[in-house]
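Working notes for the structure below.
The values are calculated or read from the model by the stated rules, or taken from the named source; none is laboratory data. Note that the structure is predicted; figures quoted are calculated from it, not measured. Methodologically, a virtual Cβ is constructed for each residue, glycine included, from the backbone with ideal geometry; neighbour enumeration extends over all protein chains shown.
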Amino acid sequence: MDAHLIDSAIFGHQWSTAESRAMFGERARVARWLDVIIALAEAQADVGIIPASSATAIAGLRGTELDLDAIAEGTRTTSHSTLGLIQVLQRLLPTDAAEHVYYGITVQDISDTAQVLEIAEVGKLFWRQLWAIEADLLALAAQHRETPMVGRTHGQPGAPITFGFKAATWADEVGRSLERLGQGRDRWLVGELGGAVGVLGFFGEQAMPLRAAFCERLGLVEPAISWLTTRDRLAEFAQVLASAVNAMARIANEVYVLARAELAEVREPTASTTVGSISMPHKRNPEVSEQIVTLARLVRSSAGVLSETSIGEHERDGRSWKTEWAVLPELSHYALAAAGMTRTLVRDLEVDPERMLANLRSTGTASSERLLSVMSARLGKHTAQATLQDAYRVAIGSGLSLTAVLEGQIEAGELAELDRFDTGAAAEMADEVVARAVRRRAREGSSWR
């Protein structure tokens, strides 16, 4: 029976994705480690450290379905993170080649580099989703650039905005997340080959050529110096993912609020089979929005834990990378699940312009900012503000119209502003977000590179 929600047959779709589960499954992890071991052997053969025949034999194991039970037994028996794997590989190889498996390096060289390959895969999948989310948000911004709605501050009705303006703020934030992912790629996808304490002392003068060949084989950036206890790259990647998921959660939280029955300005997409409540048949709960916000909390928490691994002692500290083994997969599951849900939410979001306009009209105060502007020209800003604040307080308390309360204090031209819903530069700002994003996306492309 699966003990974690991520792997649950019942609930797993809410906490992970099929791709993330495949990526972090036990066989996938072992296969990644084997890929790194093969790249090491091939690089060692490239620079003359081991015979080419040994590298060929080791490379021939690629794709082999290894005995996980035997690896596990060896790991438990030796209490060593990778010796169980090494023993299984040695039994599959000719005697001479068996001596060259994992030759001269240490656990972290394999595990850290394999973890970088995980980051590469997570980043690729996350970019794909984020790219599509931004595209749909830009479409919403353009479609609703002039759709008026209530702008709200401190949870209360304020001045008018447009829904396109709101969607554009979402798109703009997602765009910055894409920029951060793009900027960090070469900083994060860096190989690790340091040996016992980081100086590759086992290999003498061949150390630096070996490291270069190893990183080239894996398509990773070669570091200037070993990073066995320098974990800022992973911590930064986690924080960038957390920031991006926070952007998704901000969208989801807005949908959660705007979908309330008393507002009903947007609604989550739902299938006819969706059940909101088994006791209240009328319910249409914002389940997806709730889950995205929940996942964002977990991603932020995991990113915080990964920032703790940046403080390690001396040239090796297992407390850092063992923490990462547990936390990075969880963070990745949650982030990818949130991205998939946000993509569906944004793509199929139901927007109700008529309800937005009705809510705007019902406030009775939607023109206050514009009215303040025109009256300020005659009375001065602070005098006009005090006059209007008193008038609105009296009108709301007495049930009288604002026009009646302001009789004798307002001119005919100023009264005309009461019938206007001025959304300011909302449409122009939405247009600018779209234009800038289109230019940036043309440079970036739809794949993480």
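Table for the structure above
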| quantity | calculated |
| --- | --- |
| Unmet criterion (only one of (1) more than 20 Å from I133 (Cα to Cα); (2) assigned to a helix (DSSP H, G or I)) for G312 | (2) |
| Complete set of residues in segment 224-242 that are more than 25 Å from the chain's Cα centre (by Cα) and assigned to a helix (DSSP H, G or I) | none |
| Top-ranked residue in segment 2-24 [being in a loop (DSSP other than H, G, I, E, B) and β-branched (V, I, T); ranked as nearest to S332 (Cα to Cα)] | T17 |
| Close pairs from segment 131-154: first within 25 Å of A244 (Cβ to Cβ), partner charged (D, E, K, R) and assigned to a helix (DSSP H, G or I), Cβ under 6 Å, at least 6 apart | A132/R343; I133/R343; D136/R347 |
| Filter result for G104 (crowded, with 17+ Cβ neighbours inside 10 Å and assigned by TED's automatic domain parsing to the domain that holds Q206) | yes |
| Top-ranked residue of segment 151-176 - restricted to ones that are modelled with pLDDT of 95 or more and of a type in the set (S, T, N, Q), ranked as surrounded by the most Cβ atoms within 10 Å (Cβ to Cβ) | T162 |
| Qualifying residue in segment 5-23 (condition: in contact with a helix residue (DSSP H, G or I) (Cβ under 7 Å, 6 or more places away or on another chain), over 22 Å from A338 (Cβ atoms) and not β-branched (V, I, T)) | no |
| Any hit, segment 86-99, residues being over 30 Å from Q206 (Cα atoms) and surrounded by fewer than 23 Cβ atoms within 10 Å (Cβ to Cβ) | no |
| Residues of segment 415-443 that turn out to be surrounded by fewer than 18 Cβ atoms within 10 Å (Cβ to Cβ) and modelled with pLDDT of 90 or more, as a count | 13 |
| Qualifying position, being out of contact with any Asp or Glu (no Cβ under 8 Å at 6 or more places or on another chain) and in the same structural domain as A326 (by TED's automatic domain parsing), among S81, S54 | S81 |
| Which listed residue, of R370, R361, is surrounded by fewer than 16 Cβ atoms within 10 Å (Cβ to Cβ) and under 43 Å from the mean Cα position of the chain (by Cα) | R361 |
| Cβ pairs under 6 Å, 6+ apart, first in segment 215-228 and within 17 Å of Q108 (Cβ to Cβ), second among the basic types (K, R) and surrounded by 14 or more Cβ atoms within 10 Å (Cβ to Cβ) | L228/R316 |
| Pairs, first closer than 14 Å to E417 by Cα in segment 363-382, second part of a loop (DSSP other than H, G, I, E, B), C-beta under 8 Å, six or more apart | A366/F421; S367/R420; S367/F421; S367/D422; E369/D422; R370/R420; R370/D422; M375/I410 |
| Unique residue being within 22 Å of R319 (Cβ to Cβ) and either in contact (Cβ under 8 Å) with a residue 12 or more places away in the chain or not in a helix (DSSP H, G or I) (or both) when the list is G84, G74, G63 | G84 |
| Selection within segment 399-414 - part of a helix (DSSP H, G or I), touching a Leu at 6+ places or on another chain (Cβ under 9 Å) and surrounded by 14 or more Cβ atoms within 10 Å (Cβ to Cβ) | L402, E414 |
| Check on S307, closer than 28 Å to G25 by Cα, surrounded by fewer than 20 Cβ atoms within 10 Å (Cβ to Cβ) and assigned by TED's automatic domain parsing to the domain that holds R250 | yes |
